Amino acid sequence: MIISTVRLRNFPEEAQDKFPWTLPLIQNFEELVFEKNISFFVGENGSGKSTILEGIAAYTEVPLAGSYRLEDDASLAAANELANYLSIRYKEKTNRGFFVRAEDFIGFARNIKNEIKELNDEIKEVKDNWKGGDLKLAVGAIEGEKNQLIQRYSKDLEAMSHGEGFLKFFTSRITGKGIYIIDEPEAALSPTRQLSLLSLIIEKVKTTGAHFIIATHSPIIMSIPDSEVFYFSEGKIEKVDYKETEHYQLTRSILENPELVMRELG
């Protein structure tokens, strides 16, 4: 792992009536100890898993894959506040990696599209105002930068389906040993593409030693072998086997006997 422990230092009393300090999880928080390179945060909506995930991302200062810097994103104001009171111990310090939520991908795709458009505009401006000499040499560096973006992300990420583009983002940006913090990737991925993401994660852990911290509701994603599941419930966090989670048990019950489950709901 790259991160070994996460602790919460005492936060000021005057902040205790404000989010995120009002969360029972934050009030009871003691320590997270990472023992695997793939760590899942699992729990019901409102359990605090995304809050802790975002706080870790803010503390590590990994880039936000969206249209804002993490510290400038208003939706992450509480995460930046929480980060001020976290204490994280590293086994190996690195600034490689990223933090991404499913909703950030749209902003990221638009940024790439705008970068390619700006480079095309710059190439056109050079050509329109060229007075002599080697034009190919003059625009070569700009063309090279544009072609690198297209090769890495495709010409138009927005033209892909959301799932296709999201998976393309992962394959392009998970490049080596780093901290990759991902919030609910299943929101944009079909079951088949979730398996493709799992294959990529397993490969990168094996070949680079990357550290993944992922908040998820998906039993498919949390099934990766040699991973750990932190279960967030009733203001506490405990490590469990993924088959002990309500997500797995409920999904299994529905698949094995959907008629019975529907009758119980009725």
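Taking neighbour Cβ counts within 10 Å as the exposure measure, how do ARG101, ARG263, ARG7 sort from fewest upward?
Exposure proxy ranking, most exposed first: ARG263, ARG7, ARG101.
Can you sort PHE99, PHE40, PHE230 from fewest to most other Cβ atoms within 10 Å of each residue's own Cβ?
With the sparsest Cβ surroundings first, the list reads PHE230, PHE40, PHE99.
Once amide H atoms are placed 1.01 Å from N in the peptide plane, what residues at a sequence separation of 5 or more from GLY178, or on another chain, have their amide H within under 5 Å of its amide H?
Result for GLY178 returns ALA210, HIS211.
Please rank SER75, SER227, fewest neighbouring Cβ atoms within 10 Å first, as an exposure proxy.
SER75, SER227
Determine which lysines satisfy two conditions relative to LYS36: a Cα distance under 26 Å, and not lying fewer than 8 residues away in the same chain.
Output for LYS36: LYS49, LYS91, LYS93, LYS168, LYS177, LYS204, LYS206, LYS236, LYS239, LYS243.
Show me 183-190, 118-125 ranked by packing, highest mean number of other Cβ atoms within 10 Å first.
The densest-packed peptide leads the list: 183-190, 118-125.
Laboratory data are not the source of any read-out in this text; all were calculated from the coordinates shown. Please read all numbers here as calculations on a predicted model, not as lab measurements. Positions of Cβ are generated from backbone atoms using ideal geometry, with glycine treated the same way; all protein chains shown enter the neighbour counts.
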